[in-house]
Amino acid sequence: MFTEILAAAGTTAPQNSFGFWEAMQQGGVIAWFTLAVLAIMSVSSFYILFSKLFEQNKVMKQGVAARAAFARASSLKEGAAKLDKNSAYRQIIDDGIKAEEDHARLTDPVEAHDWLHGSLNRSESLINSKLATGLPWLATVGATSPFIGLFGTVIGIYRALIKIGIAGQASIDAVAGPVGEALIMTALGLAVAVPAVLAYNWLQGRNKRIAEDLSGFSNDVLGYISSDGAVRPAAPVKGTAPAKPAAAPAAKPAVKK
């Protein structure tokens with residue numbers, strides 16, 4: 001008799017299942033919409049991370065090839081011809097050659113150095129601007145995704161309070177779903193924000209190093225043009241360490257008279 005009562009109670013007892021999908025189903029349209037927005041932010045952030053990383057590595061390799069070709073070429077045009085047409089460093093050389101040709105056509109007297117310097121700076125800015133595309137979106141994701149997760153958290157807590165008010169008591173089965181949904185949204189917001197912020201800072205640092213190398217190469221091109229090829233950087237040699245400065249000769253002891 002006792003076992004029959006327990007069996008009947010086991011068949012009629014409500015089966016509550018708690019998990020991610022159960023919490024999302026209880027959240028309704030708002031929970032799914034918040035999840036979709038965070039998913040789009042996360043996917044786009046990783047896409048920007050890998051695409052910009054590939055682009056930066058490509059530009060860094062172009063810099064190594066450009067310096068080797070630039071130092072060993074007999075003229076700027078010959079050095080530019082050895083580079084890829086889409087190379088950022090070839091763009092600087094081409095812009096420098098064009099600026100030199102355009103300066104001869106100017107009717108107003110303009111200092112050649114200032115004209116070339118301005119043209120090369122403009123070329124650098126265009127390249128740096130292209131490398132920086134997408135990074136503002138990473139900053140936006142890192143700044144706003146925690147608040148989007150917080151929005152889902154607030155909705156979940158609000159729904160939990162409504163269930164408590166309807167039930168008249170704070171039972172676990174009544175509030176576990178909404179509270180679980182709220183905690184999930186908080187975790188998702190942080191999970192989207194942290195990688196975006198780390199990727200933004202990392203890519204910004206790499207862009208800064210590329211910008212410094214572009215500036216140095218632009219200065220080399222300016223020196224080459226201004227000196228008619230007399231001033232050029234030394235060709236990079238692999239596997240050689242920089243020469244150590246010679247030691248200063250020892251001072252001779254003073255001779256007393």
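The values are calculated or read from the model by the stated rules, or taken from the named source; none is laboratory data. Keep in mind that what you see is a predicted model, and the values were worked out from it rather than measured. Please note: Cβ atoms are built from the backbone with ideal geometry, for glycine as well, and neighbour counts cover all protein chains shown.
Within the stretch 167-184, the presence of a residue that is outside any loop (DSSP other than H, G, I, E, B), modelled with pLDDT of 90 or more and either within 30 Å of residue 89 (Cβ to Cβ) or of a type outside the set (Gly, Ala, Ser) (or both) is excluded.
Would you call residue 120 modelled with pLDDT of 85 or more and under 30 Å from residue 44 (Cα atoms)? No: the conditions fail for residue 120. Kindly provide the set of residues from the stretch 47-65 that are out of contact with any Asp or Glu (no Cβ under 9 Å at 6 or more places or on another chain), surrounded by 13 or more Cβ atoms within 10 Å (Cβ to Cβ) and not aliphatic (A, V, I, L, M), ordered by number. Of everything in the stretch 47-65, those that are out of contact with any Asp or Glu (no Cβ under 9 Å at 6 or more places or on another chain), surrounded by 13 or more Cβ atoms within 10 Å (Cβ to Cβ) and not aliphatic (A, V, I, L, M) turn out to be 52, 55, 56, 58.
Looking at the stretch 70-159, the helices (runs of 4 or more DSSP H) lying wholly inside it that each contain 1 or more residues that are under 21 Å from residue 211 (Cα atoms) and free of Cβ contacts under 8 Å to residues at least 12 places away in the same chain sit at 112-131.
Conditions (1) touching a helix residue (DSSP H, G or I) at 6+ places or on another chain (Cβ under 7 Å); (2) within 22 Å of residue 34 (Cα to Cα); (3) of a type outside the set (D, E, K, R), marked per residue:
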| position | (1), (2), (3) |
| --- | --- |
| 121 | no, no, yes |
| 124 | yes, no, no |
| 131 | yes, no, yes |
| 136 | no, yes, yes |
| 148 | yes, yes, yes |
| 151 | yes, yes, yes |
| 155 | yes, yes, yes |
| 160 | yes, yes, yes |
| 165 | no, no, yes |
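When the residues of the stretch 74-90 are filtered to those that are crowded, with 19+ Cβ neighbours inside 10 Å and at pLDDT 85 or above, the one that is nearest to residue 217 (Cα to Cα) is 89.
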